Amino acid sequence: MKRWLYLSLLAAPGLLAGCATISSNDLAHADYGPYPADYQSLITREAQARPETPAGAALVFGKPVPGVSHGLFAGSGTTYGYIVAVEIIRPHGSEAHTPSRLHYFMIADGRVTEITERFVVGHASYTGEMTD
């Protein structure tokens with residue numbers, strides 16, 4: 001899991017290049033909202049509500065990192081919030097072909113949204129540093 005998290009952090013600056021340009025001034029004045037101390041419970045509730053997450057799946061969480069997404073919510077432009085990488089591990093014996101997969105969730109404006117596809121194609125990316 002840590003290897004995936006580190007690889008995703010290394011790839012993130014390159015993904016930002018595929019997004020609409022964000023000025024350093026915009027980043028300096030970005031409002032990411034309050035740090036989501038309860039991010040694990042918020043994401044767990046969202047992940048378990050999704051039909052793609054099998055019953056009994058284990059979730060391994062990265063730390064929330066400041067990030068940005070473009071067009072995340074209907075009618076929105078740029079949304080700032082916290083992006084959390086989560087490995088969803090399928091239970092042993094499930095019918096799925098892959099045992100686990102890395103997903104990305106954004107916590108912004110009090111909402112949790114799964115943004116994996118947006119992250120992969122460069123419509124969402126990290127803008128800050130991961131802290132311990």
Within the group Ala58, Ala28, Ala47, which residue is crowded, with 17+ Cβ neighbours inside 10 Å, of a type in the set (A, V, I, L, M, F, W, C) and more than 12 Å from Tyr82 (Cα to Cα)? Ala47
Unmet criterion (only one of (1) outside any loop (DSSP other than H, G, I, E, B); (2) at pLDDT 65 or above) for Thr21: (1)
Residue selected from the stretch 114-132 under the condition hydroxyl-bearing (Ser, Thr, Tyr) and farther than 17 Å from Ile43 by Cα, by the criterion modelled with the lowest pLDDT: Thr131
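The values are calculated or read from the model by the stated rules, or taken from the named source; none is laboratory data. As the structure is a computational prediction, the values presented were derived from the model and not from experiment. All Cβ positions, glycine included, derive from the backbone under ideal geometry; neighbour counts span all protein chains shown.
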